[in-house]
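These notes are about the structure you will find just below.
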Amino acid sequence: MLADVIKRNLKTAQVRTVCVESVDSTNTLARSMINSGDNSLLLIAADMQTGGRGRNGKSFYSENKGSVYMTAVVHPNLSFEDSVGITTASAVAVSRAVESVTGKKTDIKWVNDLYYGGRKVCGILCEAVAEKGSVKSVIIGVGINLAACEFPDELDSIAGTLGCDSSLREVLIAAVADELFSLEFGALGEKILDEYRAKSLVIGKKIDYFINGQKNTATAIGIDGCGGLIVQKDDGTSDVLNSGEISVRLNG
């Protein structure tokens, strides 16, 4: 990991940058640092993770050394109500950074995955640190499959890469961090929502969604002002899905 390249490309001032060869999870390390009293804007980057985590307790394969495994920490001091759009805004920020550095345009699969060429190339995991009834800090973990690599058999038909040279890694890490640090956290603005909708991989498509393990089928028809996914069921009724424990799959 070329820490000096990351620092040289960062445009955001006063960021504490930590680069490690290997860690169980950059998000876990970030939480440990916060719990130890670190209140700085924080960027952690790793060559690989041995225990990468995704949403809903899933693991995130992160052992390809040419890829991006990073966490940015911000301290917005938001109410829980105003924190619901953080993952939506983060997905747009990461997509912007990927395009600016690599020239590759990615799609967003609600709520937090980036796709390129029909395959998942990026996962985002946002975790809140609460204090006195508000969200004191937000830990934003980002994993991007940048260069060509191999995946375990169970991911071979799902995961993909951007197909870029791994020499772009440190520049991309800095660009992602700058985009995340520049976000105005709180209620989602129309610019972010419009961009999220334009990049959506699911709007207009038939999806399966799972609530408490129960499968439901509907058509995704839009994104509401809080980043919720509006779906229309076969009986004509509509519903709004919010992230939480809901999992969405493209149907076919």
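The values are calculated or read from the model by the stated rules, or taken from the named source; none is laboratory data. Fair warning: this is a prediction, and the values are worked out from it, not measured in the lab. Quick reminder, even Gly has a Cβ in these numbers, built from the backbone with ideal geometry, and neighbours come from all protein chains shown. Side chains included, ligands, DNA and RNA excluded: accessible areas come from the protein's heavy atoms. Shrake-Rupley method; radii C 1.70, N 1.55, O 1.52, S 1.80 Å.
Some values worked out for this structure:
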quantity	calculated
Check on ALA3, of a type in the set (Gly, Ala, Ser), more than 27 Å from ILE230 (Cα to Cα) and at pLDDT 95 or above	no
Selection count, region 191-244, where residues are in a strand (DSSP E or B) and more than 16 Å from ASP113 (Cβ to Cβ)	16
Condition met for GLY85 (at negative phi, at pLDDT below 95 and touching a Leu at 6+ places or on another chain (Cβ under 7 Å))	yes
Total residues in region 16-51, condition open to solvent by 20 Å² or more (accessible area, probe 1.4 Å), among the aliphatic types (A, V, I, L, M) and not in a strand (DSSP E or B)	2
Meets criteria (outside any loop (DSSP other than H, G, I, E, B) and within 17 Å of the chain's Cα centre (by Cα)) for LEU168	no
Those residues of region 182-207 which are out of contact with any Gly (no Cβ under 9 Å at 6 or more places or on another chain), within 19 Å of ALA128 (Cβ to Cβ) and open to solvent by 30 Å² or more (accessible area, probe 1.4 Å), in sequence order	GLU184
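One line per residue, one yes/no per condition, for (1) modelled with pLDDT under 90; (2) hydroxyl-bearing (Ser, Thr, Tyr):
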residue: ALA174; (1), (2): no, no
residue: LEU188; (1), (2): yes, no
residue: SER200; (1), (2): no, yes
residue: ILE211; (1), (2): yes, no
residue: GLY222; (1), (2): no, no
residue: VAL240; (1), (2): no, no
residue: SER243; (1), (2): yes, yes
residue: ILE246; (1), (2): yes, no
